[in-house]
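The numbers here are math on the coordinates, done by the rules we state, and not lab data. Predicted model only: the values in this text are computed from it and were never measured. For neighbour counting, all protein chains shown are included, and Cβ atoms are generated from backbone atoms with ideal geometry for every residue, glycine included.
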């Protein structure tokens, strides 16, 4: 954006970065003009270090502009673009994290620390604290949601229009009729008082009791957000999967 302002006299406000990313860089990436995170392909999409660089073949074509090589180079590039896009798509797909849900369905998550934690919640937390639970929603940093059983959620009395407000995981603990809402935190997003109020409003029509959990990969990450965590919620740390931290209230792990 700074480059465009300096050399092309096109200026964007600082708070429109996400718009530029979604409506320009995404299209450049799909057209194989740019490649994301060549230094660390598994970088999470919500990482502040997420970056793009121009695709080498595209760069060589652009550098030939206004020379006699431009026309033939452009024709070769356009002929190869689809193959190039397919190749990069295959590479991205190979890096996806396979995850078998509690109902036996397999999904693939975008690589990154956040989704690694999602996998640990499903394979470590759920069997210990919500055995036999049914998955309803699984978020993905790369495509917002990886799994959503909208019909089942509707049977619990809930209709959700904006997926952006959903927690990272939504699980129905059938045995106790609890709807367990879990936020996975690696760089941001614990269940703080503001988030708790949002989730209570979003799931206010639930026929199941609501349980709120913040999951962290380790204690070091937990310490960063300790002061933000809301009362009457639970905390789970993946490096100590057998234990739960209960933030006050009249009972351990249950709706209020």
- request: Assuming R0 = 51 Å, can you tell me the calculated FRET efficiency for the pair residue 57 and residue 187, based on Cβ-Cβ distance, to the nearest 0.05?
  value: 0.95
task: Would you mind classifying the range 97-246 by shape? Square roots of the alpha carbon gyration tensor eigenvalues, ordered a ≥ b ≥ c; an a/c under 1.5 is rounded, otherwise it is prolate if a/b is larger than b/c and oblate if not.
output: rounded
message: Sort 167-173, 179-185, 61-67 by the packing proxy (mean of other Cβ within 10 Å over each peptide's residues), most packed first.
response: 179-185, 167-173, 61-67
